[in-house]
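Q: Quick one: the structure is below, questions incoming.
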């Protein structure tokens, strides 16, 4: 498969691309200068992971993803929730590394979940050796050693055999993980060749402005269908392109999926490439505007919550709870208890003092947040 880079609608995309770049720059400046920046970025990871499933036609609740990521599931995780967790982990991993890491060979291999296996070395099987055989193999120079020394030598030999056995089991497990089930995967689907074609497109569009390159890269990823079961990875890599170009700061990864939610599906998947590119460019601008509104909303909510700190003792745990609520879309009693170092009953009492809103509507396994 190939992707044609001829006849790109540069004139049509020029104005929307400039507007999107300006909106992203404003959001990036707002995040870097605000104390709510880390909390806003953490919330963006959860929101964008759920939006990624929405773009692909699935539905995952934010509360389930928050509880699942912290190991406090209230029900058996679904297949869609597992995919959302993978998106969340990939976003966090890209944001935690250097801007150039995601598009490097090591970064792509890590994000695809591939493990590089060293060539196997064949060796003769080793028979178990007891303490007597070790003494006999050691030679006559060790006959005068005491019993403790001989026992230590036997333990060392046992540890070496155990390490060799574990190394062989690990390599066989990795081999089995790379052998894909033909019932689930198309054996004729050459992901490596498609990925190489996509990387060639990135190389050929390196001289274009960052927004242009990111939009074309995402459309090429969808057209080439690089990965069979991970179409969402292309949207994260498109956001990584903007981060690598320094249009956004090192910690800011654009919420591409939130912007795509605002665009109609018939425009995102239109047969005409010009319509698709324009839709993705407008989605970038929408994502930046959503981020700006979310920052203003969190700033106002923090001011309202901080008013309840008046007259409190300096040892009060309410300020730490406010920081936790700002950083997470939802918090549960277990999460509050682990963060603040209190029991779950005390956590519920502190949450009631702060006046947070219960977001699940359940009597058990509840979670709180801010509107």
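The values are calculated or read from the model by the stated rules, or taken from the named source; none is laboratory data. Fair warning: this is a prediction, and the values are worked out from it, not measured in the lab. FYI the Cβ positions are ideal-geometry reconstructions off the backbone, even for glycines, and counts take in every protein chain you see.
Q: Which of the residues that make up the range 246-267 are without any contact (Cβ under 8 Å) to a residue 40 or more places away in the chain and in contact with a helix residue (DSSP H, G or I) (Cβ under 7 Å, 6 or more places away or on another chain)?
A: Matches in the range 246-267: 259, 262, 263, 267.
Q: With the condition being surrounded by 17 or more Cβ atoms within 10 Å (Cβ to Cβ) and in the same structural domain as residue 34 (by TED's automatic domain parsing), I'd like the helices (runs of 4 or more DSSP H) fully within the range 269-366 carrying at least 3 qualifying residues.
A: Here the list reads 273-306.
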